[in-house]
Amino acid sequence: MTKKITVTENGPYLVEGGVPIAHQHIVTNAEGESLEWREGAAVAAPAKYALCRCGRSGTKPFCDGTHKRIGFDGTETASHEPYERQAGVIDGPAMVLEDAEGLCAFARFCDPHGQVWNLVQKSDPRSLKLVEHEAGHCPGGRLVAKHRATGAAVEPHFEPSIGLIQDTAQGTSGPLWVRGGLPVTGADGRPYEVRNRVALCRCGASSNKPYCDGSHASIRFNDKE
Ligand code: FES
């Protein structure tokens, strides 16, 4: 069965094809800066399952039907435009950084070492490695780093999988981290661009559904491992 995700109208995400799920923790330093991802416990799931999108299920991460009782409004407002058309471009001497701010999932990997937007203006090997690291760790795919000479994007390798983001430093759980090119189709049947990294809202509060807009941090969404 093809691995895929379908957004349902005012309801959950239907996930098909035996997609693995695991908790994914943001690892921070003493200053609270995001440095790495740490994979947590896997969540047992059948080949086909429904993941809560309203944030109120009693059996998170799965849907238990609560969305109907609370009258969840899951209206999709996100653009279907390809990333390249949504993103601005920050030119550096050796690398190029693409940035689609509306896809920010507030994971903050872009902040350490003086911020990725400044690092990309440099040409020393350490700064360039940091650009690759910080852009590639961005779960929502807001940031993409490319080599200027070849135009090749630097992407981490992911098997098709779903992460349940945990942001302990901020005291919140985060979005669904959809990795490895899993196709996502809207409730109206229109596909979103297939990408290596996207973050889907699961707290119910995003104003850019189905994508995360960082609202989980302000409501302290809680689905801890
Ligand atoms: S989407 Fe069904 S309970 Fe949240």
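The values are calculated or read from the model by the stated rules, or taken from the named source; none is laboratory data. Quantities reported herein were computed from a predicted structural model and do not represent experimental measurements. Here Cβ is always computed from backbone atoms with ideal geometry, including for glycine, and neighbour counts include all displayed protein chains.
Only residues that are among the small types (G, A, S), surrounded by 12 or more Cβ atoms within 10 Å (Cβ to Cβ) and in a loop (DSSP other than H, G, I, E, B) were counted across region 37-58, and they come to 3. Within region 73-100, which residues are of a type outside the set (S, T, N, Q), under 16 Å from C212 (Cα atoms) and in contact with a helix residue (DSSP H, G or I) (Cβ under 9 Å, 6 or more places away or on another chain)? Matches in region 73-100: G74, A78, Y83, D99, A100. Is it true that F106 is in a loop (DSSP other than H, G, I, E, B), within 16 Å of the ligand (Cβ to nearest atom) and either at pLDDT below 95 or not basic (K, R) (or both)? No, not satisfied. Whenever a residue of region 158-174 is at negative phi, its partners that are in a helix (DSSP H, G or I), lying with C-beta atoms within less than 6 angstrom and at least six residues away or across chains, give the pairs Q170/A217; T172/H216; T172/A217; G174/H216. In region 123-142, is there at least one residue being of a type in the set (K, R), under 13 Å from the mean Cα position of the chain (by Cα), outside the structural domain of A169 (by TED's automatic domain parsing) and modelled with pLDDT of 95 or more? Checking region 123-142: at least one residue is of a type in the set (K, R), under 13 Å from the mean Cα position of the chain (by Cα), outside the structural domain of A169 (by TED's automatic domain parsing) and modelled with pLDDT of 95 or more. Residues in region 109-128 that are over 20 Å from E31 (Cα atoms) and in a loop (DSSP other than H, G, I, E, B): V120, Q121, K122, S123, D124. Tell me, yes or no, whether region 28-36 has at least one residue that is of a type in the set (V, I, T), surrounded by 15 or more Cβ atoms within 10 Å (Cβ to Cβ) and either outside the structural domain of P61 (by TED's automatic domain parsing) or within 24 Å of P112 (Cβ to Cβ) (or both). Yes, region 28-36 has at least one match.
Checking each residue of region 40-54 against the condition of being within 23 Å of D111 (Cβ to Cβ), in contact with a strand residue (DSSP E or B) (Cβ under 8 Å, 6 or more places away or on another chain) and more than 16 Å from the ligand (Cβ to nearest atom) gives at least one match.
The residue that is farthest from the ligand (Cβ to nearest atom), counting only those in region 64-99 that are among the aliphatic types (A, V, I, L, M) and out of contact with any Leu (no Cβ under 8 Å at 6 or more places or on another chain), is V96. Scanning region 1-27 for residues that are of a type in the set (A, V, I, L, M), over 17 Å from I165 (Cα atoms), more than 15 Å from the ligand (Cβ to nearest atom) and crowded, with 17+ Cβ neighbours inside 10 Å yields a count of 0. Please specify each residue of region 133-147 satisfying the condition of being within 13 Å of P112 (Cβ to Cβ) and touching a Cys at 6+ places or on another chain (Cβ under 7 Å). Those that are within 13 Å of P112 (Cβ to Cβ) and touching a Cys at 6+ places or on another chain (Cβ under 7 Å): E134, C138.
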